[in-house]
1. Please find, among B:378, B:398, B:411, the residue that is more than 10 Å from every other protein chain (Cβ to nearest Cβ), closer than 20 Å to residue A:305 by Cα and in contact (Cβ under 8 Å) with a residue 60 or more places away in the chain.
2. Of everything in the stretch A:192-211 that's buried (at least 16 other Cβ atoms within 10 Å of the Cβ) and within 12 Å of chain B (Cβ to nearest Cβ), which residue is modelled with the highest pLDDT?
3. Could you tell me which of the residues A:70, A:129 is within 22 Å of the chain's Cα centre (by Cα) and in a helix (DSSP H, G or I)?
4. So residue B:222 clears everything in (1) touching a strand residue (DSSP E or B) at 6+ places or on another chain (Cβ under 8 Å); (2) away from chain A (no Cβ under 12 Å) except one condition, right? Which one?
5. Does residue A:360 fit the bill of being touching a helix residue (DSSP H, G or I) at 6+ places or on another chain (Cβ under 6 Å) and not assigned by TED's automatic domain parsing to the domain that holds residue A:45?
6. All but one of (1) modelled with pLDDT of 85 or more; (2) surrounded by fewer than 21 Cβ atoms within 10 Å (Cβ to Cβ); (3) at the interface with another protein chain (Cβ under 7 Å from one of its Cβ atoms); (4) touching a helix residue (DSSP H, G or I) at 6+ places or on another chain (Cβ under 6 Å) hold for residue B:351; state the number of the condition that does not hold.
7. Scan (1) part of a loop (DSSP other than H, G, I, E, B); (2) surrounded by 15 or more Cβ atoms within 10 Å (Cβ to Cβ); (3) over 28 Å from the mean Cα position of the chain (by Cα) for the single condition residue A:22 breaks and write down its number.
8. Only one residue in B:234, B:326 is buried (at least 21 other Cβ atoms within 10 Å of the Cβ) and within 8 Å of chain A (Cβ to nearest Cβ), so which one is that?
């Protein structure tokens with residue numbers, strides 16, 4: 001706690017210092033002040049500034065640092081004016097970046113601006129970026145970079161080291177050396193260890209190991225993340241349908257994807273459109289949440305209609321009105337539990353979640369938890385003022401039934417959605433609370449009017 | 001969809017084949033069948049087998065493959081009999097593993113067994129493992145491995161390459177070469193590129209770059225994950241208080257941590273004890289969920305008491321009974337939305353979530369969404385049979401008030417918990433639905449008995 005507070009203070013005073021230097025027009029001092037800071041930290045610091053101030057910082061920073069900072073910034077915080085008005089500056093910034101980061105930044109611009117920026121770049125780079133921009137953003141092709149370090153399987157170790165040296169000098173960090181045949185088809189990888197340890201005249205083919213896994217450009221990024229995480233891969237090759245190496249995806253891209261997809265899942269699950277930017281403004285939050293609340297209003301109106309149907313019962317046994325929300329809340333809670341486990345299970349390994357075993361398990365959990373909670377509720381129902389043994393029985397059965405429905409539906413709906421190719425996280429708890437409300441009220445009031453009403 | 005189904009079929013038939021070979025005692029054919037499969041995939045296949053079958057597979061697999069498979073298996077699926085009864089076999093298995101994986105497996109055994117296994121290992125290895133076992137499992141020390149590739153800053157490039165070759169020959173994969181001074185203090189890292197490109201007689205000191213970040217052994221693993229993800233680090237050095245290099249943590253450990261912590265957060269958030277193993281059995285799920293349901297039963301009983309307090313009002317204006325659950329559900333939904341955004345925000349960057357800006361934002365969202373949903377609800381309230389303009393007004397105010405409370409509390413409670421050093425994800429939606437129920441009923445029934453009752 002103390003740590004967070006002191007971190008926050010340092011952060012605040014640094015932001016203030018930057019703001020001041022910008023206001024005073026002290027460009028040189030601002031550059032000197034920022035130069036020793038890591039681009040991720042600069043991105044973080046300037047996120048709180050006004051858009052023009054962010055643009056000022058990006059103009060002042062030296063080439064590569066400015067580029068890296070831009071790449072580390074959230075898309076929502078890119079200074080639009082700078083990006084839209086100065087295609088030369090954008091071209092300058094992206095030319096310093098890895099192709100995947102460059103394509104991300106260019107891809108966010110309007111088509112017209114994309115063309116202007118690409119026109120400013122060297123022909124071969126523009127060509128590669130156009131290729132990357134053609135892939136769907138959420139696929140392996142959209143995430144990969146085309147800058148791979150690759151050697152021919154026919155080279156010797158000494159030739160390969162020369163080649164790597166040449167390629168590394170122009171590119172960014174690399175973690176894996178890929179081996180390709182004469183047609184560019186991927187044959188495998190060689191490790192640095194083997195390169196260093198092997199005799200210089202040895203053939204690369206002899207020390208090549210087959211790739212642990214390869215992915216096609218069309219594979220969904222979430223699936224790529226699962227493959228890489230499963231096999232602990234630092235870098236995964238992307239191949240075209242003829243098995244030719246066209247790019248690679250590295251662990252850091254994957255970490256970003258996992259973070260983003262998890263946030264999206266959790267927000268969807270809670271009834272928020274997946275795109276809500278966590279640090280976004282009030283207006284955006286309202287836009288992302290209000291539609292779901294309106295949906296909830298109409299679905300719970302069905303629950304209200306069930307009560308209206310039984311209004312005579314409620315009028316005569318008014319204690320039911322106090323019990324209703326207890327049944328509804330417990331059903332909602334149990335449903336959310338089943339739903340969360342199933343959604344997370346599907347997110348981590350969809351192919352391992354067998355349909356009926358998942359559903360049957362949740363059904364069993366609902367059956368047993370329902371019996372226990374039902375018995376407790378029965379006790380309360382028979383002891384409260386105005387309660388009776390019979391009321392207790394009705395409460396127990398309604399609670400039990402509702403928790404069974406909650407468990408079953410909590411597992412069934414997301415597994416079904418997954419089968420249908422829909423993200424199971426959209427089976428949000430908003431629907432669920434309404435669903436269990438409807439069943440809960442129906443069970444409670446239906447039973448009450450059947451069993452209790454004749455005796456009132 | 002079709003893909004998942006066909007994957008599932010292949011998976012099923014492979015599992016069947018393994019089961020059959022075990023039953024027939026065909027050890028040799030089982031070994032040949034499994035040898036070409038990646039340990040992660042074997043772990044996945046045998047998870048569905050009985051415990052004795054899993055033990056049989058681990059006995060049949062050749063040394064390193066058996067070890068890697070064991071390391072990839074979920075802790076809950078380790079064949080206990082084998083681990084408890086055969087310390088020699090366990091020692092054999094763990095001696096093939098990286099020290100962090102070895103320590104994880106040994107750390108799960110009872111203390112007595114840990115001693116027996118360590119006694120079977122070479123002295124120096126046992127010593128290192130004892131050191132690792134002493135760290136809290138969820139800190140950098142508990143996650144790191146002590147097998148680092150490090151060279152002296154005083155070495156030449158040629159000497160360093162020899163040293164790396166020697167160290168690499170005995171160790172596992174490495175991604176970063178660390179540079180230390182004569183006292184073992186970390187000075188930085190050298191890249192493979194620079195090692196390959198530099199003149200053999202050049203001093204390592206000249207090509208050493210300072211580490212982007214270092215972490216102490218006591219740092220919480222979630223914090224380590226944030227640092228590595230922030231700076232895109234493939235491997236991070238762990239240092240003691242005197243800055244001596246004592247280990248390293250790699251990206252694959254971090255991916256596992258992020259996965260596990262995210263699951264834990266999402267489950268807690270949904271009212272499930274964090275330890276629920278996603279593919280665990282019914283009994284375990286009941287144990288993890290029932291206590292929360294019991295808590296929910298007692299908290300919603302407070303909501304029920306509020307209704308009981310106003311039972312005369314409900315008896316006289318029975319339409320209120322139908323409106324109650326709508327107010328409660330919408331409050332619960334809006335609260336869950338605010339809670340999810342805040343919990344996720346805190347999980348991703350606690351130091352950036354400023355207390356009042358978070359709370360004020362959610363308050364503002366609640367204020368506006370509450371006004372819109374309140375107006376819609378008022379419309380319904382005045383048009384339904386038995387409704388009136390005045391009832392509509394009461395419904396609107398109650399809805400509005402409840403959504404403001406939901407927004408405020410949804411942000412305030414998790415931020416407060418974070419400040420107090422408690423995981424904000426424990427502010428689960430179970431509490432929230434109860435909280436918003438209580439306020440919602442209080443607003444609705446209180447207003448109704450004040451405004452509507454005198455006119456009935």
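The values are calculated or read from the model by the stated rules, or taken from the named source; none is laboratory data. In this text, all values refer to a predicted model and were calculated from it rather than measured experimentally. A quick note on method: Cβ atoms are made from the backbone with ideal geometry, for glycine too, and the neighbour counts reach across all protein chains shown.
1. On the way: B:378 fails: in contact (Cβ under 8 Å) with a residue 60 or more places away in the chain; B:411 fails: closer than 20 Å to residue A:305 by Cα.
None of the others qualify; the one that does is B:398.
2. If we take residues in the stretch A:192-211 being buried (at least 16 other Cβ atoms within 10 Å of the Cβ) and within 12 Å of chain B (Cβ to nearest Cβ), then A:211 is modelled with the highest pLDDT.
3. Numbers: A:129 fails: within 22 Å of the chain's Cα centre (by Cα).
That would be A:70, the only listed residue that is within 22 Å of the chain's Cα centre (by Cα) and in a helix (DSSP H, G or I).
4. Among (1) touching a strand residue (DSSP E or B) at 6+ places or on another chain (Cβ under 8 Å); (2) away from chain A (no Cβ under 12 Å), residue B:222 violates only (1).
5. Details: touching a helix residue (DSSP H, G or I) at 6+ places or on another chain (Cβ under 6 Å): no; not assigned by TED's automatic domain parsing to the domain that holds residue A:45: yes.
Considered against the rule, which asks whether it is touching a helix residue (DSSP H, G or I) at 6+ places or on another chain (Cβ under 6 Å) and not assigned by TED's automatic domain parsing to the domain that holds residue A:45, residue A:360 comes out as no.
6. Failing condition for residue B:351: (1).
7. (1)
8. On the way: B:234 fails: buried (at least 21 other Cβ atoms within 10 Å of the Cβ).
Going through B:234, B:326 in turn, the sole match is B:326.
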